[in-house]
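Shown next, in structure tokens, is the structure this report addresses.
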Amino acid sequence: MPPQAFVTAGENGQAVLMSRLNECYAVTPAHVIGDGFFATLVGGSSARPRGEADLLQRFGYDLAVLRVTGAITDNCDFDLGGSFSLDRALSTAGSGQIVSVNSDGSLSRREVRVSDVGLLYLRVSPVGPENQLFKGLSGSLLALDETPAGILMSVDPQTGEGKVLRFDRSVETIRPFFGLKTTSEVAESMSPESEIANQGNLAEIVERWSSPAVSAEYRVSNLVDGVDAGTVWLAEPEGFPIEVVFALKGDRVHAIDRVVLIGKGVTPPERLPRDVELLVSSREKGGWIPVFTGTYFSSEGVRELAFAPVRARKVMLRIYSHWGDETGVGLAGLVIPVR
């Protein structure tokens, strides 16, 4: 579990501490910082280590990152460059704890029930009146056993429910700021015309899709017509999520562990997908199992989505949003490499 801190800034709140190249950084909801650029911190231990933090940048999803100095950095050992995947933990999770730091450095743990699991956010409900959530807890960690599952972003004053940004989405959002890849395997020099093409593509045909192409030039079959074809698929950006289902070669089950999305050639980049999900099925119909959720950044020409090996007959790409262009959303290709 990453260390945490009590934050005093535009308002009181919480922060998660992460390290990168021997520097310490605080991740907190941007609304906790408000319009300011400075915060004081108290660490979550009996020693009450103190620190100061200067705002580096605000991000989407109401996140902010600050550079931390002071004694509190001595225990800042949670590496931002690590790998985080929550899908398996969330598939079995029913309850957890909202962990926060009090102003005296002591820890509080509030029992909650995970009431909804989404691509970006989780919903949690307090278990009993003694575990009520309130505004000053923004930035607290949702812990599932010893797994950091999310950052509490807000509390509904009417229902008492907490809105939690998934921890994997939080880390993925800020990693590019530190020059880190959004996945651990994709090399920036990867060439669709060479490395990807040489791996072969198990995605044989597009079986069905939920949104029509903007024109015949941008038909959905362009996704599997070869990475060197120079074609692009663009769909009407309406009715999210947009779903595209691919049947694998030979209409049989294959072992797969990654899918490569190719955005190179899609212009402007605001047409690229933003929040995406992958699902697989080994059946002729139904039986969909989610294996990956994440963000495709508009600066990425190629993005490899890696997951634990599974057996699949069909793969579904589900697109939840794009980067702002209202005329279309799409990709240049999709490759399911042969293992």
- Give the longest segment of the chain that steers clear of GluC sites (Glu not before Pro) in DSSP loops with at most 11 neighbouring Cβ atoms within 10 Å, not counting the sites themselves. 1-145
- Given Met153, Ile336, Gly139, which one lies farthest toward the positive end of the charge dipole of the chain, if we put +1 on the Cβ of every Lys and Arg and -1 on the Cβ of every Asp and Glu? Ile336
- Query: Just how far, in whole angstrom, is region 66-109 from region 236-293 if you go by their alpha carbon centroids?
  - Reply: 31 Å
- Message: How large are Rg and Dmax for region 1-113 when calculated on the C-alpha trace, in angstrom?
- Response: 14.2, 40
- Between Ser299 and Arg252, Cβ-based FRET efficiency (R0 45 Å, step 0.05) works out to 0.75
- Checking Gly136, Gly230, Gly128 against a Gaussian network model of the chain (alpha-carbon springs below 10 Å), the top fluctuating residue turns out to be Gly128
- Message: Can you give the FRET efficiency to the nearest 0.05 for Asp145 and Phe178, using r as the Cβ-Cβ distance and R₀ = 30 Å?
- Response: 0.60
- Item | Helix-only CD estimate at 222 nm, as mean residue ellipticity for the chain, using -39500 (n - 2.57) per DSSP H run (n ≥ 4) | -1000 deg cm²/dmol
- Task: Just grab the label-to-label distance for Trp323 and Ala89, each label 7 Å out from Cα along the Cβ direction, in nm (one decimal).
- Result: 2.9 nm
- What is the sum of charges around Ser221, taking Lys and Arg as +1, Asp and Glu as -1, for the other residues whose C-beta is under 13 Å from the C-beta of Ser221? -2
- Query: Amide H to amide H under 5 Å from Val302: which residues, 5+ apart in sequence or cross-chain, H placed 1.01 Å off N in plane?
  - Reply: Gly263
- Note on the structure: region 10-87: relative contact order from alpha carbon pairs under 8 Å, six or more residues apart, as a whole percent, is 32 percent
- Task: Would you list which lysines come within 29 Å of Lys135, measuring only between C-alpha atoms, while excluding same-chain residues fewer than 8 positions from it?
- Result: Lys163
- Simple spin-label estimate for Ser210 and Lys285 in nanometres, 7 Å along Cα-Cβ: 1.9 nm
- Message: Just want to confirm a number: the relative contact order over the chain, from Cα pairs under 8 angstrom separated by 6+ residues, in percent.
- Response: 14 percent
- Counting Lys and Arg as +1 and Asp and Glu as -1, each charge on the Cβ, what is the dipole of region 4-75 about the Cα centre in debye, to the nearest 20? 140 debye
- Task: Could you check which residue among Ala143, Ala255, Ala26 shows the biggest mean-square fluctuation in a GNM of the chain with a 10 Å Cα cutoff?
- Result: Ala255
- In the set (i) 22.9, 69; (ii) 23.5, 75; (iii) 21.5, 66, which value of Rg and Dmax of the Cα atoms in Å was calculated from the structure you see? (iii)
- Sum of side-chain charges, Val68 neighbourhood, beta-carbon under 14 Å (Lys, Arg +1; Asp, Glu -1): -2
- Residue by residue through region 251-258, which ³J(HN,Hα) values in whole Hz follow from phi under the Karplus form 6.51 cos²θ - 1.76 cosθ + 1.60 (θ = phi - 60°), with glycine and proline marked x? 6, 9, 7, 10, 8, 10, 9, 6
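A short reminder: the numbers here are calculations on the coordinates, not readings from a lab. None of these values were measured; they are calculated from a predicted model. Note: ideal-geometry Cβ built from the backbone for every residue, glycine included; neighbour counts use all protein chains shown.
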